[in-house]
Protein chains: 2
Amino acid sequence: MTRAGSWVPTTPPTLADVAEVAGVSRQTVSNAVNNPDLLRPDTLARVLDAIDELGYSPNRAARNLRTRSSHLIGLRFAPAQEHTANALMDRFVHSLVETSSAAGYHVLLFPGDPEDPTAGYDQLLRSTAVDAFVATDTYLGNPQATWLETRRAPFVAFGRPWDNEEAVHPWVDVDGAAGVELATTHLVERGHQRIAWVGWRKEQVIGEDRRAGWTRAMRSRGLSTTGLASRSDDTVHSGREASAHLLDEASPTGFVCASDTLAMGVLHTLGERGLVAGRDVAVVGFDDSQVAQVVPPGLTSVRQPLEEVAVEIVRHLEGLLTHPPVRGGGVLLTPELVVRGSS
Amino acid sequence: MTRAGSWVPTTPPTLADVAEVAGVSRQTVSNAVNNPDLLRPDTLARVLDAIDELGYSPNRAARNLRTRSSHLIGLRFAPAQEHTANALMDRFVHSLVETSSAAGYHVLLFPGDPEDPTAGYDQLLRSTAVDAFVATDTYLGNPQATWLETRRAPFVAFGRPWDNEEAVHPWVDVDGAAGVELATTHLVERGHQRIAWVGWRKEQVIGEDRRAGWTRAMRSRGLSTTGLASRSDDTVHSGREASAHLLDEASPTGFVCASDTLAMGVLHTLGERGLVAGRDVAVVGFDDSQVAQVVPPGLTSVRQPLEEVAVEIVRHLEGLLTHPPVRGGGVLLTPELVVRGSS
DNA sequence: GTGAAAGCGCTAACAT
DNA sequence: ATGTTAGCGCTTTCAC
């Protein structure tokens, strides 16, 4: 019985099949795949030919069982919130898939149980379904990072452990303050002096961090920030109200926002008042969402280097998964500003 | 040696560990997990207690090896194109993750090699890393579906096999023509008579399908379509130019677009001419992207029922993965119209 | 209803 | 440099 030709699908070829065709032992085939250097060139060639001929690819389950590793990275996939402009996940996931694939890992998606945020992690961990996790939602008070640490689960966080100074897990994050500082400085250089901040509520650590970038940029130029800041929810509506209020009370000529969603609210207000973004008033958002890219006249926005984030995460992951593990520290990346018509 | 208490992580408990604690044999534990009906209630309870106590979860690799199935669904993850408003993937992936998880499957993401679109599929298939695929980019000329069919790989397509009438694989798709018809009728009911179509190039089968919905709605009301159609690339710029041209030549009072991206171009043109969307001219997009949701005054758009799509896909998948497989046919779902300020 | 034996396909350790 | 042996943890016969 041959497998060649136009045969109906059978069970895939195994190591033993290849060994037989190549006239070597199974172990030699295994070595050809995993430690080619151990083989004599001519033996290697013969084995590789056989592998090619049969279309052999090692059975993952068997390999996983033996090596106690799945080469799978778990990622809890939460979708972008509706009615916001925030769609980082899409870009990030793509970068992660690309990068980890290059490193020999695949990405396993699992849903989050809102009731029990650690449930999905626990399940995958105990069943040894994944080798490690990438934790993306490490916001204040989220128990995941701490939980993963106590479980000694290998994981890298996308996001700083804001709330936990004892955290020792590796993380990668983007310097929001630096991004907003970039944005603010950009407006200053465009001649603006009264630049307003449209941000999130005080409880949002990330929002406060971004706000600090605005404060820093303003102060370093000797510009006043008094009466120029507002904080609200991350909705278009809030951005609209906040900017209307700011325009009335403080007559800013520029707005720096904690998100593209809020920036859209600002554009909304400008439109209502017959003001033209980029001509009468400058607006800068955060995240370089698709909205920023397509809304007329184009929204200047802070863009997170998600490709780099993925690269750093995978680098950390590879470190964690070697024997013995190499624990890296935190990595803070700097975003860039994408300038468009709105400024 | 006990595993209980605050012990440092060891290798996870196995079937044998549970068996020992419960005072039964390994098979009985296996049965307790997979065929609880076979056990006597008291034995079952004892085993479940032991499972709980040890925090046992079956080792996936071992189970996969034995059952020759991974309970993993492969999905090639392509990111949303930059500079378009299209971000379906995010919503779809989430729905798929949720639904397949409920059915006991996880989603495995893999990157697409632009050079060789079938490479990733082939690899996963041969290494038996996934049980099935969900193929999302089954556009005209894409070899994936055909390739998967000849390989007899279990897969469900999100998208009709437009180009291949001999295709027998299960698919789920959204009726774009019906969606556009909905949109057009909506404008007619709002009193519009001269409704323009801003679509994609003729080669885009999906675009032609959507266009047919416009034609159908117009003709059924006895409205002329002459001079009211345009076709271009799926970019904001194209939508802008096309709508400018249409306004000059045919004075439409409403625009139905093949995508939110094109609709954004139309909004752009309206803004330039001092026309207000929703008051002077009505605009409808397609996809209900985040852009449609946040752009002022809100873009009316056709929304694909991606949650339902995921449900149908998983239903088909479950059929394919039973023994013997149950091959379903195609499923065509109807989108809905989300009405906002632009109409 | 429960237990014993076998083996899925692979790789680590050792022997040659 | 290549072959032999053993076993990862599980489920599937098949006895009892």
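Of all the numbered requirements in (1) on the phi < 0 side of the Ramachandran plot; (2) facing chain A (nearest Cβ under 8 Å); (3) open to solvent by 20 Å² or more (accessible area, probe 1.4 Å); (4) at pLDDT below 95, B:His106 misses one, and that requirement is (4). Does the stretch B:31-51 include one or more residues that are aliphatic (A, V, I, L, M), under 30 Å from A:Ser100 (Cα atoms) and more than 9 Å from DNA strand D (Cβ to nearest atom)? Within the stretch B:31-51 (the criterion being aliphatic (A, V, I, L, M), under 30 Å from A:Ser100 (Cα atoms) and more than 9 Å from DNA strand D (Cβ to nearest atom)), the answer is no, since none of the residues qualifies.
May I ask you to verify whether B:Leu75 is more than 7 Å from chain A (Cβ to nearest Cβ), within 25 Å of B:Asp113 (Cβ to Cβ) and either in contact with a helix residue (DSSP H, G or I) (Cβ under 6 Å, 6 or more places away or on another chain) or open to solvent by 30 Å² or more (accessible area, probe 1.4 Å) (or both)? Walk me through it before giving the result.
Numbers: more than 7 Å from chain A (Cβ to nearest Cβ): yes; within 25 Å of B:Asp113 (Cβ to Cβ): yes; either in contact with a helix residue (DSSP H, G or I) (Cβ under 6 Å, 6 or more places away or on another chain) or open to solvent by 30 Å² or more (accessible area, probe 1.4 Å) (or both): no.
Spelling it out, it is not the case that B:Leu75 is more than 7 Å from chain A (Cβ to nearest Cβ), within 25 Å of B:Asp113 (Cβ to Cβ) and either in contact with a helix residue (DSSP H, G or I) (Cβ under 6 Å, 6 or more places away or on another chain) or open to solvent by 30 Å² or more (accessible area, probe 1.4 Å) (or both).
If we keep just the residues of the stretch B:256-278 that are in contact (Cβ under 8 Å) with a residue 60 or more places away in the chain and either open to solvent by 10 Å² or more (accessible area, probe 1.4 Å) or of a type in the set (Ser, Thr, Tyr) (or both), which is nearest to B:Pro335 (Cα to Cα)? Filtering first and then ranking leaves B:Ser259.
Given the residues B:Thr11, B:Thr43, which is the only one that is closer than 17 Å to A:Asn64 by Cβ and either modelled with pLDDT under 90 or more than 9 Å from DNA strand C (Cβ to nearest atom) (or both)?
B:Thr11
Within the set B:Thr253, B:Thr235, the sole residue that is within 30 Å of B:Pro161 (Cβ to Cβ), touching a residue at least 12 places away in the same chain (Cβ under 8 Å), open to solvent by 20 Å² or more (accessible area, probe 1.4 Å) and not assigned by TED's automatic domain parsing to the domain that holds B:Pro161 turns out to be B:Thr235.
Within the stretch B:78-94, restricting attention to residues that are open to solvent by less than 20 Å² (accessible area, probe 1.4 Å) and facing chain A (nearest Cβ under 8 Å), which residue is nearest to A:Thr67 (Cα to Cα)? Across the stretch B:78-94, the extreme among qualifying residues is B:Val93.
The residues in the stretch B:257-303 that are more than 10 Å from chain A (Cβ to nearest Cβ) and more than 24 Å from the chain's Cα centre (by Cα) can be counted, and the count is 11. Inside the stretch B:176-200, residues that are in a loop (DSSP other than H, G, I, E, B) and either among the polar types (S, T, N, Q) or surrounded by fewer than 20 Cβ atoms within 10 Å (Cβ to Cβ) (or both) make up a count of 4. Looking at the stretch B:97-134 only, could you name the residues that are touching a Leu at 6+ places or on another chain (Cβ under 6 Å) and in a helix (DSSP H, G or I)? Across the stretch B:97-134, the qualifying residue is only B:Val97.
Taking first residues from the stretch A:18-44 that are away from chain B (no Cβ under 14 Å) and partners that are within 12 Å of DNA strand C (Cβ to nearest atom) and open to solvent by 80 Å² or more (accessible area, probe 1.4 Å), the Cβ contacts under 7 Å between residues at least 6 apart in sequence or on separate chains come to A:Ala19/A:Arg26; A:Asn31/A:Leu38.
The values are calculated or read from the model by the stated rules, or taken from the named source; none is laboratory data. Source: prediction; values computed, not measured. Counting neighbours? That spans all protein chains shown, and the Cβs are built from the backbone with ideal geometry, glycine included. The accessibility values were calculated without ligands, DNA or RNA, using every heavy atom of the protein model including side chains. Shrake-Rupley method; radii C 1.70, N 1.55, O 1.52, S 1.80 Å.
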